[in-house]
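Trainee: Structure below; questions to follow.
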Amino acid sequence: MPRVFSGIQPTGEPHIGNYFGAMRNYVNLGEEYGKNSLYCVVDLHAITNPAAFDPQRLAQRTFEMAVANFAVGLDPQKVTFFVQSHVPEHQELSWIFTTLTPVGELERMTQYKDKSAQLESVPAGLLMYPALMAADILLYKADTVPVGEDQTQHIELTREIARKFNHAFGETFPEPRAVYNRDALRIPGVDGNGKMGKSKGETSTIGILEPLDSIWQKLRVAPTDPARVRRTDPGDPEKCLIGDYHKLFSDLDTIELVYAGCRTAGIGCIDCKKKLMEGVTAHLTPIQARAEDFKADPDFVRDAIAQGAREARALAQPIMEEVREKVGFLKL
Ligand code: TYM
C-alpha cells in the first residue's frame, strides 16, 4: 500500500515557502491517498535547535501550525494529521536508527553544518535530527515524501538507513522518494537574503497568516533586479524575487504583462509589486478567513489532533512490533 509522510516544524509562522514548496502537495496527495497520507507537526525536531526554540511558545506554535494546515485545505477527517510527540514510537525507532548511522554521515548534512555553525554549544540532538526524520517516515513504511528541495539530503540519508536496516535485519522498509513542487523548489526570502526560512526570522518570511498590510510593507521595500537603478532602466524579471513570486501568485496574463513591462522599463517596480499584491491578496484572503474560523473553534482542532495521534499509532504499533522482533529484543 503506497503511503505518504511529511513533517513540518513548529519553529515559527508557516510561510509561502512552506506553502508552495510543501503544504500544497500535502493537500493534493491527501486527496489521492486519504488516511494513507500522514502529516505531522514535528515538535521533537523543533526542540533540537536552541536558537529557534522557545518553550513558552512551542505549544501555541504547534497548535497554530495545525490551524495553518487545515486552513490551506488539509482535511483532518480525510488524512492522518497529528503531532510527533503524541506518538512515542517515533523516538523509539529513532534510537534504533542512531545505532545504524555513522556520526560522519550526520556531520556532513548541510542543514546541520549551517545550524551548528551558529551555536556555541551543539546539542547531540541536533546532530541526530536526520535519524529522527528517517524514523518519522519509516515508522509508517512511507514511500512518498512531499518536501522542498532543502530536505533532499535528509531523504537520501533516510534511504540509506532503510537499506542498512534491511541488510542487517532483513527486508523491512521501503526506500522512500521525495516529491517536489517543481515551481517552488526553493523560494527566496523577501529580504533577498537566500532561501525563505522560519528560523531566519520575520524579515525573511511572508507568512501565510500574516496581515496583508504587513506583507505589503515587506514587499514594498523588497530588493528587485539590481540592474534597475532608475525607473527608466530595463530589468530582468528572472533575476528578481518579485518576478519569482509572480510565478506563484499571478495568472499567466499578469505574468506576461509585468515581465514584458520590466524588460522594456514600461512598468516601475512599485507598480509591479502592486500587481503582485493583488495575487497575494486573492490567494491568502480565503486561507486567512478559514484560519480565523479554526482558531475560533480550538476544541475542533484539539480533537482532530488527538484523533490523528490515535490513527497514527494504530499504523505505527504493528510496524514497531516487527522492528523489535527483528532487532532481537526479548518479547514477553
Ligand atoms: P521545515 O519545517 O523547515 O519546512 C517544512 C516544509 O517546507 C519546505 N520549505 C520550503 N520549500 C520551498 N522553499 C522554501 N523557502 C522552503 N522552506 C521550507 C521544506 O522543505 C519542508 O518540506 N526536516 C523538516 C521537517 C521534517 C520532515 C520529516 C519532513 C521532520 N520529519 C519527515 C519530511 C519527512 C523541516 O525542517 O521542514
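The values are calculated or read from the model by the stated rules, or taken from the named source; none is laboratory data. Note that the structure is a prediction, hence the values are computed from the model and not measured. So basically every Cβ, Gly included, is an ideal-geometry build from the backbone, and we count neighbours across all protein chains shown.
Trainee: Considering Phe82, Phe97, which residue is more than 22 Å from Glu210 (Cβ to Cβ), at pLDDT 95 or above and in contact with a strand residue (DSSP E or B) (Cβ under 7 Å, 6 or more places away or on another chain)?
Mentor: The match here is Phe82.
Trainee: Further question: When Gly328 is evaluated against the numbered criteria (1) modelled with pLDDT of 95 or more; (2) on the phi < 0 side of the Ramachandran plot, which criterion, by number, is the only one it fails?
Mentor: Going through (1) modelled with pLDDT of 95 or more; (2) on the phi < 0 side of the Ramachandran plot one by one, Gly328 breaks only (2).
Trainee: Which one is surrounded by the fewest Cβ atoms within 10 Å (Cβ to Cβ), of the residues in the stretch 180-190 that are at pLDDT 95 or above and more than 8 Å from the ligand (Cβ to nearest atom)?
Mentor: Among residues in the stretch 180-190 that are at pLDDT 95 or above and more than 8 Å from the ligand (Cβ to nearest atom), the one surrounded by the fewest Cβ atoms within 10 Å (Cβ to Cβ) is Tyr180.
Trainee: In the stretch 275-332, what residues are buried (at least 17 other Cβ atoms within 10 Å of the Cβ), farther than 24 Å from Trp216 by Cα and either among the basic types (Lys, Arg) or touching a Ser or Thr at 6+ places or on another chain (Cβ under 6 Å) (or both)?
Mentor: Gly308, Glu311, Ala312
Trainee: Exactly one condition in (1) at pLDDT 95 or above; (2) closer than 15 Å to His15 by Cα; (3) within 16 Å of the ligand (Cβ to nearest atom) is not met by Ala222; state its number.
Mentor: Exception for Ala222: condition (2).
Yes or no, residue by residue, for (1) modelled with pLDDT under 95; (2) outside any loop (DSSP other than H, G, I, E, B); (3) within 16 Å of the ligand (Cβ to nearest atom):
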position	(1), (2), (3)
Asn193	yes, no, yes
Glu210	no, no, yes
Asp213	no, yes, no
Gln217	no, yes, no
Arg231	yes, no, no
Ile242	no, yes, yes
Tyr245	no, yes, yes
Leu248	no, yes, yes
Tyr259	no, yes, no
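Trainee: Still on this structure, please answer the following. Identify the residue in the stretch 159-179 that is surrounded by 14 or more Cβ atoms within 10 Å (Cβ to Cβ) and touching a residue at least 40 places away in the same chain (Cβ under 8 Å) and, among all such residues, is nearest to the ligand (Cβ to nearest atom).
Mentor: Pro176
Trainee: Here's a follow-up. Looking for something within 17 Å of the chain's Cα centre (by Cα), at pLDDT 95 or above, of a type outside the set (Ser, Thr, Tyr) and in a loop (DSSP other than H, G, I, E, B) - is there at least one such residue anywhere in the stretch 51-58? Spell out how you get there, then give the answer.
Mentor: The first filter runs over the stretch 51-58 and keeps only residues within 17 Å of the chain's Cα centre (by Cα), leaving 52-53, 58.
Imposing the further condition that a residue be at pLDDT 95 or above reduces the set to 58.
Now drop any that are not of a type outside the set (Ser, Thr, Tyr), which leaves 58.
This time we only want the ones that are in a loop (DSSP other than H, G, I, E, B), so: none.
The answer is no, given that none of the residues of the stretch 51-58 is within 17 Å of the chain's Cα centre (by Cα), at pLDDT 95 or above, of a type outside the set (Ser, Thr, Tyr) and in a loop (DSSP other than H, G, I, E, B).
Trainee: Determine which single condition Glu156 fails, assuming it passes every other condition in (1) surrounded by fewer than 19 Cβ atoms within 10 Å (Cβ to Cβ); (2) part of a loop (DSSP other than H, G, I, E, B).
Mentor: Result: Glu156 passes all but (2).
Trainee: Filter the stretch 8-42 down to the residues that are at pLDDT 95 or above, near the ligand (Cβ under 9 Å from one of its atoms) and polar (S, T, N, Q), then identify the one that is farthest from Ile187 (Cα to Cα).
Mentor: So the residue we want is Gln9.
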